[in-house]
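Working notes for the structure below.
The values are calculated or read from the model by the stated rules, or taken from the named source; none is laboratory data. All figures in this text were calculated on a predicted structure; none of them were measured in a lab. Note: ideal-geometry Cβ built from the backbone for every residue, glycine included; neighbour counts use all protein chains shown. Only protein heavy atoms, including side chains, enter the accessible area calculation; ligands, DNA and RNA are left aside. Shrake-Rupley method; radii C 1.70, N 1.55, O 1.52, S 1.80 Å.
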Amino acid sequence: MTISVFDHPILSGLLGDEELAHLFSARAELDAMLKFEAALAEAEADEGVIPRPAAEAITATLARFSPDVAGLKAGVAQDGVVVPALVRELRAALPEDVRAHLHFGATSQDVIDTGFALRARDAMAILARRLAGLIDALAALETRDGQTKVMAHTRMQAAIPVSASRKIRSWREPLIRDVRRLETVQGDIAVLHFGGAAGTLDKLGHKGEAVAGRLAARLGLAQPDHARHSERDGIAAFASVLSLISGSLGKMGQDIVLAAQSEIGEIELAAGGGSSAMPHKKNPVAAEALVTLARFNATLVGGVHQALVHENERSGAAWTLEWMLLPQMVVATGAALLKASELVDGLAFKARSV
């Protein structure tokens, strides 16, 4: 075992998701923060808060900036967030008369939370695309195998014969509802976080709302009527939807594991895992992974709900907890969708006497 299975060079073969993991890499995080700083400079120049030549110098410097990662690591150890060290490095790369215009009116949380919003928005688009594909694949499976007779089980005991469509619909319908949930929560996630020191944009004075509007438009994010620094219900709602999606897939995986048992044989898998000791086996590895990932996210979602408790106007402790949990939940959900699609593509219900 290692610290994380999701980016492990070996274990990620079972539980990883390279496409989504890329969005939560250190490089992607820095790129999103630099995007915020560039857009902020442009928005402030648009409103006459900083000179236009200063904004141009800032965006040009950000475009070619290469961070001192060791310096950022030392900075976050001291400050608890990376932004102070990042801003120092950026200012050192700027002409002296421009330095004060960088990051003007913003605070560390604006940069980090907006950077997360940009990456989470992209992640939700990927998840939505995969959900749609899986829903279509399950519909195709029902069309092909839906009339196959299988045994229903209640409380792990044989009940009455039903068509396979009864089971397939119990997998597909929650995913359709999950699509709607994901669409709803996007309105809580794809928002600008911009409030300055204590959420009041005090340094920008009467220009604050106008700058925020221009910044939100440049980044393609919604503009709330005030900064949500300590209002984390949207973050918790996102985590809840992630757990619901992986939980829906876990239920499907559990059903498949049971139906594919040698003694039951109602589902045949095109591919399965081998055994080092029993070469005749075809282990339902992908289906088991769905169960594992569902239970993993169900464990972590409680931690994100703990992070709802942000004291006063900003919390260091609750905020850091989000950083530890949310990326793993996103990647776990994405990995589950990949596994589920592979599983459905190679799955067939088998007719048997019931």
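For the reader, a short list of remarks on this structure follows.
- For segment 1-103, the share of accessible area belonging to carbon and sulfur comes to 58 percent (1.4 Å probe, ligands and nucleic acids excluded).
- Ile10 accessible area, assembled protein chains, probe 1.4 Å, Å²: 130 Å²
- Accessible area per residue (1.4 Å probe, heavy atoms of protein chains only) ranks Val76, Val185 as Val76, Val185, with the largest value leading.
- For segment 201-246, the fraction of 1.4 Å probe accessible surface lying on carbon and sulfur atoms is 48 percent.
- Rounded to the nearest 20, the size of the Cβ-charge dipole of segment 1-102 about its Cα centre is 300 debye, with Lys and Arg at +1 and Asp and Glu at -1.
- Positive dipole terminus of the chain, leading residue within Pro224, Ala348, Phe116 (C-beta point charges): Ala348
- Cα gyration tensor shape for segment 204-243, rounded if a/c is under 1.5, else prolate or oblate: oblate
- The dipole here belongs to the chain: it is taken about the Cα centre, uses +1 on the Cβ of Lys and Arg and -1 on the Cβ of Asp and Glu, and is about 1340 debye.
- Helix axis angle, 108-145 relative to the chain longest principal axis, alpha carbon, degrees: 20 degrees
- By definition, a body whose alpha carbon gyration tensor gives a ≥ b ≥ c is prolate when a/c is 1.5 or more and a/b is larger than b/c, and the chain fits this prolate description.
- Segment 163-201 versus segment 1-46: alpha-carbon centroid distance in Å: 20 Å
- Excluding same-chain neighbours fewer than eight residues apart, the aspartates and glutamates reachable from Lys339 by a Cα-Cα span under 12 Å are Asp17, Glu288.
- Degrees between helix 69-79 axis and first principal axis of the chain (Cα, 0 to 90, nearest 10): 80 degrees
- Only one residue of Phe104, Leu141, Val76 has its Cα farthest out toward the positive end of the dipole of segment 53-144, where Lys and Arg carry +1 and Asp and Glu -1 on Cβ, and that residue is Leu141.
- Three-way shape call for segment 39-127 based on the alpha-carbon gyration tensor, with the a/c threshold at 1.5: oblate
- Looking at segment 20-93, the accessible area is 45 square angstrom per residue; that uses a 1.4 Å probe and ignores ligands, DNA and RNA.
- With respect to the chain, whose longest principal axis is taken over its alpha-carbon atoms, helix 316-345 is tilted by about 40°.
- Under a Gaussian network description of the chain, with springs only between Cα atoms under 10 Å, the residue in Ile176, Ile245, Ile58 that fluctuates furthest is Ile176.
- Exposure of Met151 as accessible area (Å², to 10), given a probe of 1.4 Å and all protein chains: 30 Å²
- Largest accessible area first, the residues Arg121, Arg130, Arg27 order themselves as Arg27, Arg121, Arg130 under a 1.4 Å probe with ligands, DNA and RNA left out.
- For the chain, the longest site-free run once GluC sites (Glu not before Pro) in DSSP loop states with at most 11 other Cβ atoms within 10 Å are removed: 97-262
- Accessible surface of Val5, taken over heavy atoms with a 1.4 Å probe and every protein chain present, rounds to 40 Å².
- Residue with peak Gaussian network fluctuation, the chain [Cα springs, cutoff 10 Å], from Asn297, Asn283, Asn312: Asn312
- Think of each Lys and Arg Cβ as +1 and each Asp and Glu Cβ as -1; about the Cα centre, that makes the dipole of segment 85-201 roughly 820 debye.
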